[in-house]
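Inspection log for the structure reproduced underneath, given as structure tokens.
The values are calculated or read from the model by the stated rules, or taken from the named source; none is laboratory data. Keep in mind that what you see is a predicted model, and the values were worked out from it rather than measured. Neighbour counts are summed over all protein chains in view; Cβ atoms, including those assigned to glycine, are modelled from backbone coordinates with ideal geometry. Quick note on the areas: whole protein, heavy atoms, side chains included, nothing else; ligands and nucleic acids left out. Shrake-Rupley method; radii C 1.70, N 1.55, O 1.52, S 1.80 Å.
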Amino acid sequence: DKGGYRHFMAKEIAEQSTVLGAAVKYYLSNREGQHTLETGLDFSGIDRVVMVACGTASLACFTAKYWFEQIAKLPVEVDIASEFRYREPPVSDRTLALFVSQSGETADTLAALRYCAGKVGKIVSIVNVAESSIARESDVVLPILAGPEIGVASTKAFTCQLMVLAALTLQAARQREVLDGAALAEHVDQLMRVPGQVADAMTCEPQVQAISAQLAQYKDAIFLGRGAMYPLALEGALKLKEISYIHAEGYASGELKHGPIALIDKDMPVVVLTPADNMFDKTVSNMEEVRARGGKIVMVSDAAGINKAGDGSWQTVAMPRVDGPFAPIVYAVAVQLLAYHTAVEKGTDVDQPRNLAKSVTVE
Ligand code: M6R
């Protein structure tokens with residue numbers, strides 16, 4: 001049931017604020033004024049986290065690497081399952097192995113999990129389908145509580161995976177005693193504000209729809225981001241190519257000069273994901289480089305950022321102000337809507353794009 005929406009993808013994008021609200025309640029229950037995470041996991045004896053997944057789920061892991069390393073001071077390796085499983089990477093009983101999968105049936109992710117079984121301290125999975133193979137073979141299963149996701153393009157599963165990974169980061173930080181109580185409480189507050197900010201972010205839809213009508217005329221697009229916005233740039237590019245068939249690439253903003261800038265001309269839209277945070281000025285200077293070469297900038301930022309950058313952008317998308325590290329969950333809405341409306345504009349089969357399956361059960 002599409003619930004009155006034209007596509008499942010539109011419904012699933014719109015549902016995000018609600019399902020994220022449920023996930024945050026489930027994972028951060030309030031006992032005696034203390035927000036504690038209910039996972040039964042213990043990070044105190046762990047010296048490394050290995051996260052393995054495919055596609056969009058691997059980009060959720062890549063985003064979480066920034067959080068785990070900055071907030072919980074825990075080294076994280078992220079790998080795509082098809083590479084991890086054949087490389088025979090060394091793991092130990094002090095490694096926590098984390099597998100992220102919406103379906104819980106992705107063949108390469110399951111094979112990577114089986115490689116780790118018996119070799120690592122704990123096998124943890126973050127899944128949407130609770131009765132899946134990956135869930136069954138894990139020591140600890142963390143449900144993302146997104147509800148059924150029908151559209152082939154992952155949207156609410158991605159943001160709910162991020163929500164669980166963020167909550168897990170805070171639990172790791174608490175158990176490892178690497179943050180003082182006030183800093184931890186601030187991050188808990190920031191995470192609890194995310195579902196409301198995701199609802200606010202949806203108000204950019206008319207603006208994004210108008211931009212999509214133009215974007216649909218182009219053959220290529222580049223997405224740029226810095227820090228935890230870099231994995232979201234990769235996700236934005238994946239989403240756009242998957243459903244609109246426009247060739248798109250994501251890069252770290254700082255990598256622009258090291259090759260991709262050669263692609264910039266008047267036919268290249270460049271979507272820049274940049275909240276007005278401590279790295280904003282660096283990204284603005286990357287934007288100047290794009291602009292100087294005729295590239296068409298779609299700037300996704302908050303009011304302060306859009307104001308500060310002046311009017312050199314081709315298009316702007318306004319996001320709510322998000323303080324702290326969890327902005328990628330909120331900005332995900334912008335890249336999802338951009339891909340969605342561009343695909344609708346092009347008339348592709350949004351929920352069932354060509355050549356793709358919802359669950360990839362063969363390698
Ligand atoms: O079911 P999974 O989360 O394991 O699926 C992984 C990928 O196949 C999936 O995220 C894919 O990249 C999506 N179609 C992206 O929108």
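Per the 1.4 Å probe, what fraction of the accessible area of the chain, in percent, lies on carbon and sulfur atoms?
50 percent
The residues packed around ALA183, meaning those with a beta-carbon under 15 Å from its beta-carbon, carry a net charge of -2 if Lys and Arg are +1 and Asp and Glu are -1. Residues whose amide H lies under 5 Å from that of THR39, counting only those 5 or more places away or on a different chain, are absent; hydrogens are built 1.01 Å from N in the peptide plane. Among the lysines, which have Cα under 26 Å from the Cα of LYS119 when same-chain residues fewer than 8 positions away are ignored? Within reach: LYS65, LYS73. Here the Karplus curve 6.51 cos²θ - 1.76 cosθ + 1.60, taken at θ = phi - 60°, turns the phi angles of region 130-137 into couplings of 5, 9, 7, 4, 4, 4, 4, 9 Hz, with x standing for Gly and Pro.
Restricting to Cα pairs below 8 Å that are 6+ residues apart, what does the relative contact order work out to for the chain? Please round to a whole percent.
19 percent
Close lysine pairs were tallied over region 220-363: pairs 8 or more places apart or on different chains with Cα atoms under 28 Å apart number 25.
Peptides 72-81, 205-214 ranked from most to least packed, by the mean per-residue count of other Cβ atoms within 10 Å: 72-81, 205-214. The modelled label-to-label distance between LEU263 and TRP314, using points 7 Å beyond Cα along the C-beta direction, is 1.3 nm. Residues whose amide H falls under 5 Å from that of LYS296, counting only those 5 or more places apart or on a different chain, are MET268, VAL270, with hydrogens built in the peptide plane.
Taking a ≥ b ≥ c as the square roots of the eigenvalues of the Cα gyration tensor, region 93-251 is oblate, since a/c reaches 1.5 or more and a/b is not larger than b/c. On a per residue basis, region 263-363 carries 42 Å² of accessible surface, using protein heavy atoms and a 1.4 Å probe.
Calculate the dipole size of the chain relative to its Cα centre from +1 charges on Lys and Arg beta carbons and -1 charges on Asp and Glu beta carbons; express the result in debye to the nearest 20.
Once rounded to the nearest 20, the dipole reads 280 debye.
Kindly identify region 34-169 as rounded, prolate or oblate by the Cα gyration tensor criterion: order the square roots of the eigenvalues as a ≥ b ≥ c, call it rounded if a/c is under 1.5, otherwise compare a/b with b/c, prolate if a/b is larger, else oblate. Because its axes are fairly even, with a/c under 1.5, region 34-169 counts as rounded. Amide H contacts under 5 Å for ALA276: ASP302, GLY305, restricted to partners 5 or more places along the chain or on a different chain, H placed in the peptide plane at 1.01 Å from N. Take every pair of alpha-carbon atoms less than 8 Å apart whose residues are at least six positions apart; their mean separation over the length of region 163-318 yields a relative contact order of 18 percent. Which shape class applies to the chain: rounded if a/c is under 1.5, otherwise prolate when a/b exceeds b/c and oblate if not, where a ≥ b ≥ c are the square roots of the Cα gyration tensor eigenvalues? It is prolate, given that a/c is not under 1.5 and a/b is the larger ratio.
Helix 327-346 and the longest principal axis of the Cα set of the chain meet at an angle near 50°.
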